[in-house]
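**Student:** My questions will all concern the structure given below.
Just so it is clear, none of the values below were taken in a lab; they were calculated from the coordinates. Here the structure is a predicted model, which is why all the values come from computation and not from measurement. Counting neighbours? That spans all protein chains shown, and the Cβs are built from the backbone with ideal geometry, glycine included.
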Amino acid sequence: MEQHADETQDRVRQRAYELWEQHGSREGHETEFWHQAERELRGEASRSDTSRGVSANSPSARSGSGSDGPGKV
């Protein structure tokens, strides 16, 4: 499991570096690019879950943050 975490962190690091380069290698924005890379990679994971048949509306996918739509309790 630790190897998976290392691989994930390596992917985030690589994507953050790509974003940093694309934006002119500006200093002082490393955290911004890191978080953007994490969001992008989480989005990829979500799309792959959906392609495996895991619905975004399944009980295990709900965040409990009220994102199930208005009027739902």
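**Student:** Could you work out how much longer the chain between LEU41 and GLU18 gets when fully extended? Use 0.36 nm per residue separation minus the Cα distance between them, nm to one decimal. Kindly include the intermediate steps, with their values, before the conclusion.
**Tutor:** Working: separation 23, 0.36 × 23 = 8.28 nm, distance 1.32 nm.
Gain on extension, LEU41 to GLU18, equals 7.0 nm.
**Student:** Given points 7 Å out from each Cα along the Cα-Cβ axis, report the ALA5 to THR31 separation in nanometres with one decimal.
**Tutor:** 2.2
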